[in-house]
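Undergrad: Quick one: structure below, then a few questions.
The values are calculated or read from the model by the stated rules, or taken from the named source; none is laboratory data. Computed from a predicted model, the values in this text were never measured in an experiment. Cβ placement follows ideal geometry from the backbone for every residue including glycine, while neighbour counts extend to all protein chains displayed. Just the protein is used for accessible areas: all its heavy atoms, side chains included, with ligands, DNA and RNA removed. Shrake-Rupley method; radii C 1.70, N 1.55, O 1.52, S 1.80 Å.
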Amino acid sequence: SNLESRSGSATKNIAEMLTAEMPENTKVIIQTGGAKKWRNYGISASHSSRYELKNGELVLIEQNPNVNMGLSSSLEALLLWGEENYSAEHRSVIFWDHGGGSMKGVCNDEKFYNDSLSLPEMQSAFASVYEKSGRKYEFVGFDACLMGNLEIALNVAPFADYIVASAET
């Protein structure tokens, strides 16, 4: 979103993650997209890419055509891809970007008219993945404003044991 384009906030968060000590059996996968400009790590704004944080480096796994990060189908595709390629006993998902609470959702895509992922779209994606895998996530996190409220928790509850989010801006 414009958080990356204007101030490099995603790049700063990636830099923080790259310095974190991860347990050996932990995999962190990042999907990029939604920003008109990226500040570092060779991330292309003309693609939606998937990376793995590996030994303090950001390793490109695949580059795909841009997708609207505000669509249920984009989230579903990422979650199914993760299930197929990085199956794990414990799984979590963290959303990063602007948050607009239960009314406006999360993950504004400035390349697609600031479309955001609404609660019904998020629930649809999680429901589809749950139907195929039969597994819940350990937690769903929101590194985004206004996403720690009852409506969001109720929408995520069938698909995760915990929610980690802030009700504040």
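Undergrad: Within the bounds of the range 31-48, is there any residue that is of a type in the set (Phe, Trp, Tyr) and either closer than 22 Å to residue 129 by Cβ or within 16 Å of the chain's Cα centre (by Cα) (or both)? Give the derivation first.
TA: Narrowing the range 31-48 to residues of a type in the set (Phe, Trp, Tyr): 38, 41.
Add one more test, that the residue is either closer than 22 Å to residue 129 by Cβ or within 16 Å of the chain's Cα centre (by Cα) (or both), and what stays is none.
Scanning the range 31-48 turns up no residue that is of a type in the set (Phe, Trp, Tyr) and either closer than 22 Å to residue 129 by Cβ or within 16 Å of the chain's Cα centre (by Cα) (or both).
Undergrad: Right, next: Restricting to the range 42-55, count the residues that are open to solvent by less than 40 Å² (accessible area, probe 1.4 Å) and closer than 23 Å to residue 116 by Cβ. Even if it seems obvious, please write down each step before you answer.
TA: To start, the set of residues in the range 42-55 that are open to solvent by less than 40 Å² (accessible area, probe 1.4 Å) comprises 43-45, 48-53.
Checking which are closer than 23 Å to residue 116 by Cβ leaves us with 43-45, 48-51.
Selection size over the range 42-55: 7.
Undergrad: Just the residues that are assigned to a loop (DSSP other than H, G, I, E, B) and open to solvent by less than 70 Å² (accessible area, probe 1.4 Å), please, taken from the range 20-41.
TA: Step one: filter the range 20-41 for residues assigned to a loop (DSSP other than H, G, I, E, B), giving 20-27, 32-41.
20, 26, 32, 33, 34, 35, 38 - these are the residues of the range 20-41 that are assigned to a loop (DSSP other than H, G, I, E, B) and open to solvent by less than 70 Å² (accessible area, probe 1.4 Å).
Undergrad: Pairs, please: C-beta under 6 Å, at least 6 apart or cross-chain, first residue assigned to a helix (DSSP H, G or I) and in the range 122-151, second small (Gly, Ala, Ser)?
TA: 124/72; 125/72; 151/102
Undergrad: Can you tell me which residues in the range 108-129 are farther than 26 Å from residue 45 by Cα and either buried (at least 21 other Cβ atoms within 10 Å of the Cβ) or among the hydroxyl-bearing types (Ser, Thr, Tyr) (or both)?
TA: Hits for the range 108-129 are 124, 126, 128, 129.
Residue by residue, here is whether (1) of a type outside the set (Asp, Glu); (2) over 22 Å from residue 158 (Cβ atoms) holds:
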{"residue": "24", "(1), (2)": "no, yes"}
{"residue": "30", "(1), (2)": "yes, yes"}
{"residue": "47", "(1), (2)": "yes, yes"}
{"residue": "71", "(1), (2)": "yes, no"}
{"residue": "111", "(1), (2)": "yes, yes"}
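Undergrad: Of the residues 58, 78, which is open to solvent by less than 60 Å² (accessible area, probe 1.4 Å), within 20 Å of residue 121 (Cβ to Cβ) and outside any loop (DSSP other than H, G, I, E, B)?
TA: Working: 58 fails: within 20 Å of residue 121 (Cβ to Cβ).
Exactly one residue qualifies, and that residue is 78.
Undergrad: Restricting to the range 84-107, what's the tally of residues that are more than 16 Å from residue 123 (Cβ to Cβ) and open to solvent by 40 Å² or more (accessible area, probe 1.4 Å)?
TA: Qualifying residue count, the range 84-107: 10.
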